[in-house]
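Mind looking over this structure? Questions follow.
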Amino acid sequence: MAISTPCIKICVIDRVTGYCIGCGRTGMEISSWSTLQEPERQATMALLGERMKSMSSRAARGGRTLVRRRGSTGSAR
């Protein structure tokens, strides 16, 4: 049976909140995920929507932002 997970393969921890910008989990939650029981995983996943809303935007965090230029293929510059 597959383990339920909110992971979307964007594993970067937001320095302000301590949450992964891809899924909203903490580093501790990510590292212990495979050892949790399904009810514990479901309880954590129920919190993630609100966590994701609480995180700042990439620009506010000082991260790179995508700059699109005419004729660009969308790569960051």
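The values are calculated or read from the model by the stated rules, or taken from the named source; none is laboratory data. None of these values were measured; they are calculated from a predicted model. All Cβ positions, even for glycine, are placed from backbone atoms using ideal geometry, and neighbour counts span all protein chains on display. To get the accessible areas, we keep the full protein, side chains included, count just its heavy atoms, and leave off ligands, DNA and RNA. Shrake-Rupley method; radii C 1.70, N 1.55, O 1.52, S 1.80 Å.
Amide H neighbours of TYR19 under 5 Å, at least 5 residues apart or on other chains, H built in the peptide plane: list them.
Counting only residues 5 or more places away or on other chains, the set is ASP14.
Calculate what fraction, in whole %, of the accessible area of the range 1-50 sits on carbon and sulfur atoms when a 1.4 Å probe is rolled over the protein chains.
Summing carbon and sulfur atoms, their accessible area is 63 percent of the total for the range 1-50.
So what is the accessible area of the range 4-57 per residue, in Å², with the probe set to 1.4 Å? Could the numbers behind the result be given before it?
Values: 3420 Å² over 54 residues.
Result: 63 Å² per residue.
Using each residue's phi in the range 39-50, evaluate 6.51 cos²θ - 1.76 cosθ + 1.60 at θ = phi - 60° and report the 3J(HN,Hα) Karplus result to the nearest Hz, with x for Gly and Pro.
Values, residue by residue: x, 5, 5, 4, 5, 5, 4, 5, 8, 5, x, 5 Hz.
Once you place label points 7 Å from the Cα toward the Cβ at ALA46 and ILE13, how far apart are they in nm?
The answer from the label model is 2.6 nm.
Same structure again: So, in nm, how far is label SER34 from label ILE3 when the simple model puts each one 7 Å beyond its Cα toward the Cβ?
Result: 0.6 nm between the two label points.
I'd like to compare 37-49, 21-33: which one has the highest average count of other Cβ atoms within 10 Å, and what's the full order after that?
Details: 37-49: 12.5, 21-33: 16.7.
Put in order of decreasing packing, that is 21-33, 37-49.
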